[in-house]
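Every number in this text was worked out from the coordinates using simple rules, so none of it is lab data. The shown structure was predicted, so the numbers you read here are calculated from the model rather than taken from an experiment. No Cβ is skipped: glycine too gets one built from the backbone with ideal geometry, and neighbour counts run over all protein chains shown.
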Amino acid sequence: MNEEKRGMSMKILKTALIAAMATASVLAQTATAMSAELNILTWEGYATEGFISKFEAASGCKVTAAYVGSNDDFAAKLAAGGGVYDIITPSLDTVPMMRLAGFVAPIDTAKVEGSADIYPEFSQNGDVVAEGSTWAVPLIWGSVSLIYRPDKFASKPDSIAVLFDPANKGKISMWDDKSALYWTARYLGYDNVFDLTDEQLEAVKAKLIEQKPLIRKYWASAGELTELMANQEVFVSNAWTGLTSKDVNNLKKGFEVVEFTPKEKAEGWMDSMMLVKDTPNEECAYKFMSFMQSPDGQCGIAESTGYFPVNPKAVAGCMDEQMKKDRQVDNVEFVKSLVMWQQPKRLDKYLEVWNAVKAAP
Amino acid sequence: MTLTRRTFPGFAALFSMPFAWVLLLLVVPYGIMISVGFWTRQFPLFYPDFQFGNYAQIFSDPQYTTVILRTLKIAALVTLGALALGFPLAYFLVFTVRSAALRNLLYMSVVVPLWVSYLLRAYTWKIILGTDGALNSLLVSTGIVSAPLDIFLYNQTAMVITLVYIFVPFMVMPLFTVLDNIPRRLIEASEDLGVGPFMTFWKVIVPLSLGGVIAGSTMTFCLAFGDFVAPVLVGGPDGTMVANLLQTQFGAALNWPLGSALATLVLVIVLVLLQISSRLDTAGRVELT
Amino acid sequence: MTSTPIVALERVAKTYGVFTALHPTDLQVEEGEFVTLLGPSGCGKTTTLRLIGGFEAASAGRVRIEGEDVTERPPYRRPVNTVFQDYALFPHMSVAENIAYGLSVKSNNIPKVERQSRVSEALAMVGLDGLTHRRPGELSGGQRQRVAMARAIVRRPRVLLLDEPLSALDVKLREGMQVELKRLHRELGITFIMVTHDQTEALALSDRIVVMNAGRIAQIGSPSELYDNPATPYVADFIGATNLLDGQVIGRDGDEIALRIGGGTIIRSRRGTAIPANAKNVILGMRPERLLPSAPDVANTLVLTVKENLFHGDRLRLELTAEGIDRSIFTELPRTAVAAVSSVDPGSRLVFHIDPADVMVFAGEKNP
């Protein structure tokens, strides 16, 4: 929670000081080159003390983590000042852009211990392996489902429509992310979510603007959604499955939040590690990628986030059967029940539409 | 000539640092910002160019004008709010509080919050205005409302309240100074001439404090105009301001050229405002004798 | 025949915490008088004026104007106007606006045309026509002073209060303005109450002078009364200058008393009648201009040594010492009188004579 809040303020401050960061990055680069360090730009919960300290002890690499609130932050921060980060962990829909923008270097999988045991559905994905090279090492996967307060609804909602229902006015939240377009597109019944036509995008935009008066607040970080739920500001939202419900219910506020998968399906995502081009800390980076495929790494991150491991062999000994079932271990078929994220064909257009929605009155 | 040559090393030593500071951290960045505004973007990269497409986009796409107008509106409301709170406060400090020690203490208590983190102060309002917040607890416990209201937080009103609270010291400081500099004799003279306190306030104190009103309003307006935290913390879905738009263009949207053009436009707006304020100030300036 | 005084203070006092600015004081000012409150700074004269104007609240006593108790009234409900020491002109208004300011009050109900004519009239009265559109910042000190006058008199007050009205002007201008003030007082026919620390100004302008000292009235009288018959050594010294010497009564002979001063010199005075019969130690006062060089064999003489001589144009100011007297004695000789003495160089011994009618005697142990 603490870390999450810090993550949010850091996001605000860092983005504001984007120009200053260019200078800072030069200094940071000099500093990192001097000792065994590893700078990770990642998601909240992906670098918690519990398992990172094990990595630091084993590798001698000091880990510094910064956090993003959405996948769009990766490119923004790398463009602002390359060299600050060594490893980034974008979702699959952002992986191709990192490669096309030239932010990342290909990965030598031979140097990543345990990479052979990753679900091939992820490790051989067309965006992970491209142009004859491997660009990413899968880290963790999960879904984005809906979360709601059962005590505030007469009947259990079963559709994305709950986010657009005027009856819930002022009690709805949504992730401040271009994925809002995916959700709306699916609600409108489009199945080409990642390749919408101009007309479809217009319809999605109109629907989102129509929805705005119902929205209390777009959430920008997991920590913020936890706060909105815990303080009873909102009763329903889309959420990173596992994390928010765990955090809110742990606060014991006298009410429970429950996750559910709408009939239009939940969304699936997979985050993987990418190696920032020209990093001076390549050795530590490979050590880290290897560690994250080990039992300590996979179980550690799965535990701190509530998401699903990508390496069934690694977690075989560190998860009990119930947890394995919950976390879809050896059930990669579950992927097929999800709308797996892809990079939109016209990413910039999607971003523009989402920004226009946010700017609208 | 000799004198000039002899003092040059001293002059250089004294002024080279500030000059370098201004050049490196103000002039050069502004130059870069303005020129990037003419670049083109080919997602996800951008290329040096000289074209006005970014400006065309800003003026043709209603989302940008909407946000700029909204920001102007919020900044104006914040300025009015800060003036409405700050003027009586400064007036009270200068004219009502007799004890100099108490006056200084109260003045410090207005200024001291500036030393507290901006984020913390903005965050406090979230705790006060929230559905489970202090204000609702008060209203429910006193029976004024039966259930917590959600009208206080996550909207433009909350932004205005928060920004007024945060920037009111910038209004009070210049007002305190001008009011404190108004000779008491002028107020006595007005009353001596048969004019009561109320009209004395309007005909003597207000005109003579215009310089402070202009300075305070300019500062408050510019600070509020460039704010990006209040929309994030206490603003709702309709709270996006220009600074957030800039943040997005340099961040998520990865459109630095458009962002630079927008930033240049913001700079122009602020410069125009400063120019107007300086004109008003010169016109209203009087020699206090 | 006694009419109600236009301004009356009845046991009015002002204290600030433990400091007493004005002890309980009575004062009556008659309609049309020019009264001056005179004294050094801190004597309570400005406090008294501010109590009349309403800028200070009396700690005790009543303030009456035209017989009405105005003690509790704010300045804007008193029929007086003030010319402030630093003029207190409104810097954001033109000369005309400054003057019209006090006429624009709603309750006055003065039509605009009349306001304009009254402003012009006031401007003409103080000789400022043609400067109506200037701002105070563009005026000279004398011009500001005139605007302040015009602004106060345009309201046709019953009483005009003047707080050190000339002190900010240079000497030349001040003398000219004294004449102006006198003329205005005569033309307007209203009561003037002025505060000043300048006795020359007070003597030149006033019908009556109220000499104040340490928060009390020391003496009230016309300029000549105060000059000729000061009630105390303080007044004697403050109004004109007076050489004050300690002395002992050694004998009385009708209306004359004999007094011994330092060095054993005996001086006779014909003004000691008010001294109590049993008084021993007294204070003698001798105006410098009453000490005149004389032959040594004349009665009532003092032998004095020149310490310093100062050329004052038509007069010569001498600082003199006498044996047994620990302070200097001053005298001012007309140039014609100087010719009669042998030398006024430092060290010269001169004999001075004073008429017993000019030797003032005050009860009191010690020189103030």
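Summary of values
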| read-out | value |
| --- | --- |
| Most mobile of B:270, B:229, B:204 in a GNM of chain B (Cα contacts under 10 Å) | B:204 |
| Relative packing of C:209-219, A:243-253, which averages over residues the other C-beta atoms within 10 Å, highest first | C:209-219, A:243-253 |
| Dipole magnitude of chain A about its Cα centre (Cβ charges: Lys, Arg +1; Asp, Glu -1), debye to nearest 20 | 920 |
| The range B:103-108 - phi-based ³J(HN,Hα) in whole Hz, Karplus 6.51/-1.76/1.60, Gly and Pro as x | 4, 5, 4, 5, 4, 4 |
| Extent along principal axes [Cα atoms of the range C:121-205; Å; largest to smallest] | 36, 29, 17 |
| For the range C:9-118, alpha-carbon Rg relative to the globular expectation (2.2 N^0.38 Å, N residues) | 1.25 |
| GNM flexibility winner over chain B from B:17, B:241, B:199 (Cα, springs under 10 Å) | B:17 |
| Sequence of C:10, C:308 once ranked by neighbouring C-beta atoms within 10 Å, starting from the fewest | C:308, C:10 |
| Length-normalised contact order of chain A in % [C-alpha pairs under 8 Å, at least 6 apart] | 27 |
| Cα gyration tensor, the range A:200-282 - rounded (a/c under 1.5), prolate or oblate | oblate |
| Linear extension gain, residue B:45 paired with residue B:16, 0.36 nm per residue minus alpha-carbon span | 6.7 nm |
| Ranked A:330, B:150, criterion: other C-beta atoms within 10 Å, fewest first | A:330, B:150 |
| FRET efficiency estimate (nearest 0.05) - Cβ-Cβ, residue C:66 to residue B:80, R0 51 angstrom | 0.60 |
| Percent antiparallel among DSSP beta bridges (both partners in the range C:7-236, rounded to 5) | 50 |
| Dipole-positive endmost among A:292, A:255, A:223 within the range A:212-295 (Cβ charges, Cα centre) | A:255 |
| Cα centre as origin, Lys/Arg/Asp/Glu Cβ charges: the protein assembly as shown dipole, Debye | 2260 |
| The range B:62-284: translational diffusion in µm²/s, Stokes-Einstein, Kirkwood Rh over Cα pairs, 10 °C, 1.306 mPa s | 81 |
| Chain B - percent relative contact order, Cα under 8 Å, separation 6 or more | 27 |
| Whole-angstrom gap from the range A:256-271 to the range A:43-107, using each part's C-alpha centre | 25 |
| Neighbouring partner chain Cβ atoms per residue of B:229-237, average, 10 Å criterion | 5 |
| Size of charge dipole - the range A:82-158 - debye, nearest 20, with Cβ of Lys, Arg +1 and Asp, Glu -1, no other charges | 360 |
| Dipole-positive endmost among C:48, C:279, B:104 within the protein assembly as shown (Cβ charges, Cα centre) | C:279 |
| Förster radius 35 Å - calculated FRET efficiency between residue C:182 and residue B:202, Cβ distance, rounded to 0.05 | 0.40 |
| Separation between Cα centres of the range B:54-133 and the range C:248-299, rounded to whole Å | 80 |
| Label-point separation in nm, residue B:105 to residue A:109, each point 7 Å along Cα→Cβ | 7.4 |
| Computed P(r) (all Cα pairs; the protein assembly as shown; 20 Å bins; percent) | 10, 27, 21, 16, 14, 8, 2, 0 |
| Hits among lysines - C-alpha to C-alpha of residue C:280 under 30 Å, sequence gap 8 or more where chains match | C:366 |
| Cα shape, the range A:144-280, gyration tensor, a/c 1.5 rule | oblate |
| Highest-fluctuation residue, B:194, B:239, B:251 considered, GNM on chain B with Cα pairs under 10 Å | B:194 |
| Karplus-derived 3J(HN,Hα), 6.51/-1.76/1.60, for each residue of the range B:15-20, Hz, glycine and proline x | 9, 5, 5, x, 5, 4 |
| The range C:54-98-the range A:283-298 distance, computed between alpha-carbon centres (Å) | 87 |
| D (Stokes-Einstein, µm²/s), Kirkwood Cα radius, the range B:180-231, 1.002 mPa s at 20 °C | 165 |
| Between 0 and 90°, nearest 10: helix A:49-59 axis offset from chain A longest Cα axis | 20 |
| Cα gyration tensor shape of the range B:78-128, rounded if a/c is under 1.5, else prolate or oblate by comparing a/b with b/c | oblate |
| Inter-label distance, nm, simple model (7 Å from Cα along the C-beta direction), residue C:250/residue A:316 | 13.8 |
| Exercise: per-residue mean of other protein chain Cβ atoms within 10 Å, B:43-49 | 4 |
| Backbone HN-Hα couplings from phi across the range B:27-37 [Karplus 6.51/-1.76/1.60, Hz, Gly and Pro as x] | 5, 4, x, 5, x, 4, 4, 5, 6, 4, x |
| Residue mean of other protein chain beta carbons inside 10 Å, A:69-80 | 4 |
| Relative packing of peptides A:69-75, A:285-291 - highest average C-beta neighbours within 10 Å first | A:69-75, A:285-291 |
| Chain A: translational diffusion in µm²/s, Stokes-Einstein, Kirkwood Rh over Cα pairs, 25 °C, 0.890 mPa s | 117 |
